[in-house]
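Down below is the structure, laid out as structure tokens.
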Amino acid sequence: MTSSDSYQQLDDSARRAVIRRAVLRPIATAVVLTTGYFVVPMDDVADLGSVVLLVATLVVVVLVCIWQVRRVVRADYPALQAGEALGAVISVYLIGFAAGYYLLAERHSGDFSESLTRVGSLYFTLSVFSTVGFGDITASTDLARAIVSVQMVCNVLFVALGGRLLVAAVRRGQARKARG
């Protein structure tokens, strides 16, 4: 078996190995980022620091997206690589917003309807991302509302444009591979 064998040409053992890698890498990324989120000290940051962190997170998400799209296009198995890419980008995106919300809430407890712990910040981020928005935690200040609004707009872009971008990258990768 060479790395460029067609997925259909792989035997069952090789297919399982390829799928296992495609599943385990994004899980490992999510575990490392989540562990870092809960372990790395985050305190005594000014409001500007929280905003800078969120902007930096968005920049990192864009860079990770670009890097992952390039990996999808060049991958031996573009569809599997697209799944990996999605897992990695979502992890960076969600942990970045959760850290930003946590820092914002740490600096000014009135920015949200209740005090946010790290778990609470991650929960809030996930409820905004999933568009569930239970309403148990809400942004209470203009700064917090602005940041949540940025996340909501990015969520829509993430789903709409991100999905289309990954599908296009998979098609391009498959076409590249078919050309030989």
Extreme residue, surrounded by the fewest Cβ atoms within 10 Å (Cβ to Cβ), among residues of the range 76-108 that are acidic (Asp, Glu) and out of contact with any helix residue (DSSP H, G or I) (no Cβ under 6 Å at 6 or more places or on another chain)
ASP76
Residue check, ILE137 against (1) in contact (Cβ under 8 Å) with a residue 40 or more places away in the chain; (2) part of a loop (DSSP other than H, G, I, E, B), all met but one. Which one?
(1)
Specify which of the listed residues (GLY173, GLY133, GLY162) is small (Gly, Ala, Ser) and farther than 26 Å from TRP67 by Cα.
GLY133
Quick check on this structure: which one of GLY163, GLY135 is small (Gly, Ala, Ser), at pLDDT below 85 and over 17 Å from ALA99 (Cα atoms)?
GLY163
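The values are calculated or read from the model by the stated rules, or taken from the named source; none is laboratory data. Here the structure is a predicted model, which is why all the values come from computation and not from measurement. All Cβ positions, glycine included, derive from the backbone under ideal geometry; neighbour counts span all protein chains shown.
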